[in-house]
Structure formats: structure tokens, C-alpha cells
Amino acid sequence: MHALQPVPQRGLLIVNPKASSTSRRRFKRVVKKLEAVVDVTVRQTDSRGHAEEIAKRGAGEGFDVVLSLGGDGTVNEVVNGLLADGRTAAEAPVFAPIPGGSTNVFARALGLSWDRRKAVGEIVAALEGGRPRTVGLGRVADEKEERFFTFCAGLGWDASVIKRVETYRRNGRNFGAHYARAVMAELNEHGVEGESMEVEMSSGETDTSTGMVVVQNCAPWTYLGTLPVNLNARASFNAGLDVLILRKLGLSATARTAASLLVGREGPDGKHAVTHHDLSRIRVRASLPQAFQLDGDYLGERTELELTSVPGALRVAC
């Protein structure tokens, strides 16, 4: 009598064909490796927001694992689709982000390799082991909507820079060069001063910023190539949210802060740059609409945000 063979996991692979490092040949290699442990269904995105729709539908169709091949924008959409309609981590499929963008912050913060082939191998090993880990996320509510974020949310100067980066990247793939260009353009056009923003924290402390407020769910904040950039180096999936508040910056202070981001372990801190660790809630109110970014994507302008930590929100294979 033959032993029963285990039923393969049903996997949904959501592919962003426009991601900066995705090609047909690389895509085929990814699928071939995944097929060793997962019965793979592939669906491609065709517009912004489409990955979220596919993931939401896939969660309802009973897939065991959902994977994304794209950048952090695709990851954010997939996560929000998986957790739509109030799904808990136990109710949603396991998620695995395959690096396919220019920075891949979430995948790298989870410990996955920068090299896609190695990252896929690590994901396959995790799926074979059958023991996904659970991580916390952030959630932001504003005057327009409520969304999860995987690694960061920002209001003010950094989001203005990201807005410029997105316009530059349509003509090329070098994120680091585009980011440096966007920083200089923003300094030349608007300087570093912005409108007043009030920050209230669950610790009971309050503060004021005229530069930017960045909230992190993990570290690092982003990457410039292989170089990690840390605002709050203590930020962790296993803790609450961390926040950097830039109170006031002149040009010389901006240069010092930028340098500390690139070379410092703990990120900026001092008279004009203050960090807070492991918060359950953060509320930000701006006197006038400010640029807003979520997981590195510019999402327009906002005047008020409420950000909360959501422990154990998502199961991941890595």
C-alpha cells in the first residue's frame, strides 16, 4: 500500500512587470524554483492598486501562500489586500516578498538576501520548513483612508523628496542618484523649512516639527544601494513604532543630519532631531497640508495622521 503524498501548498505569485529589476528570464527562474514546493498560480498587475485587488481576491480563494515579485509599493498593496476585511494573521495566507524593486526595504528588513536567487532559495526553505514567523505592522488612518504599512510612513520634507524621486525614476533606475538629485532640488526650491506639525505620542510626550516626521516599523529606514540608512536603528517588527521628529533645520544642520543618516548607527538625535522608541500610537497634525509617503510611495498631501502599532499582524515565510 502506497503512502499518501502530501498535498502541495497552493501559492499565488503576484508580479509587477514594471518593477525595476524584473525581466522575463528572471521571472521564469523564480517560478521554476517555487514550483519545487508550491503549486504556483501567476497573476500580473497592470496598474497602481491592482496588486491589492489581486491579493484580496486570492485570500478569499483560499491560497496557502501569496508571494510578490516587485518593489516595496507592490509589497504594500499585497499586504493591504491580504489583511482586507479585518483578516487576522491566522486567517490570511502566509506572505513572502521576493525582491524585485530598487530598494526592497521590507524584504531586506526581514533578513532576505539582496540577491533575488538567494532570496527565493531562502523563501523555499522557509516554506519547506512550514514554520512561518509573525511580524508586527503599522497602520495609518487619515482623512482619506486607513492602510497598513510595513516599514515607514512620513509627513513633510522626506515625502516631498520622494515625490521628486518618483518623477525622476520614470526615466531611469538609479535610485541613489535620483535621491541625491531630489534632495538638492528640494533644498534649492523650498529650503528645509515647512509648516508647523504637532506630534502627540502614546508615551504622553508632545513635540513640534517644521521639517518632517518619520514613523518606522522596522530598521533600516531605506537603502542607498547596499548602504542602510537609519533614522531609528532600534525600530523592530517585535516592538511598537519608532518616530523621528525634525524640529527645525537650517542648511548646515541639514548637512549634519544627512551625514549622520549615512554613517551613524543610531541615526540623528540632539537639539533639532529627536527620536522616540516603541510607541503604540502617534498622532500628527499639520497647520497646512503636507506631503505624505507610505512605504516609500508618495500618496499626496495630508493634514492629520493617526498611526498605530499592530503586533502580530502578518505571517511571513522567511
Between a first residue in the stretch 62-88 that is buried (at least 24 other Cβ atoms within 10 Å of the Cβ) and a second residue that is of a type in the set (Phe, Trp, Tyr) and in a helix (DSSP H, G or I), which pairs have beta carbons less than 6 Å apart while being 6 or more apart in sequence or on different chains?
72/106; 75/106
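Is it true that residue 134 is β-branched (Val, Ile, Thr) and assigned to a helix (DSSP H, G or I)?
Values: β-branched (Val, Ile, Thr): yes; assigned to a helix (DSSP H, G or I): no.
Spelling it out, it is not the case that residue 134 is β-branched (Val, Ile, Thr) and assigned to a helix (DSSP H, G or I).
For the stretch 4-11, indicate whether the set of residues that are under 21 Å from the mean Cα position of the chain (by Cα) and at pLDDT 95 or above is non-empty.
In the first step, residues of the stretch 4-11 are kept if they are under 21 Å from the mean Cα position of the chain (by Cα); the result is none.
No, the conditions are met nowhere in the stretch 4-11.
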Of everything in the stretch 23-39 that's buried (at least 21 other Cβ atoms within 10 Å of the Cβ) and under 22 Å from residue 76 (Cβ atoms), which residue is farthest from the chain's Cα centre (by Cα)?
34
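Conditions tested, residue by residue: (1) modelled with pLDDT of 60 or more; (2) touching a Lys or Arg at 6+ places or on another chain (Cβ under 8 Å); (3) not basic (Lys, Arg).
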site: 167; (1), (2), (3): yes, no, yes
site: 175; (1), (2), (3): no, yes, yes
site: 206; (1), (2), (3): yes, no, yes
site: 212; (1), (2), (3): yes, no, yes
site: 238; (1), (2), (3): yes, no, yes
site: 247; (1), (2), (3): yes, yes, no
site: 256; (1), (2), (3): no, no, no
site: 269; (1), (2), (3): no, no, yes
For the stretch 92-108, check the following and say yes or no: at least one residue is surrounded by fewer than 19 Cβ atoms within 10 Å (Cβ to Cβ) and either touching a residue at least 24 places away in the same chain (Cβ under 8 Å) or within 21 Å of residue 133 (Cβ to Cβ) (or both).
no
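The values are calculated or read from the model by the stated rules, or taken from the named source; none is laboratory data. Here the structure is a predicted model, which means the values were calculated and not measured. Backbone-built Cβ (ideal geometry, glycine too); neighbour counts: all protein chains shown.
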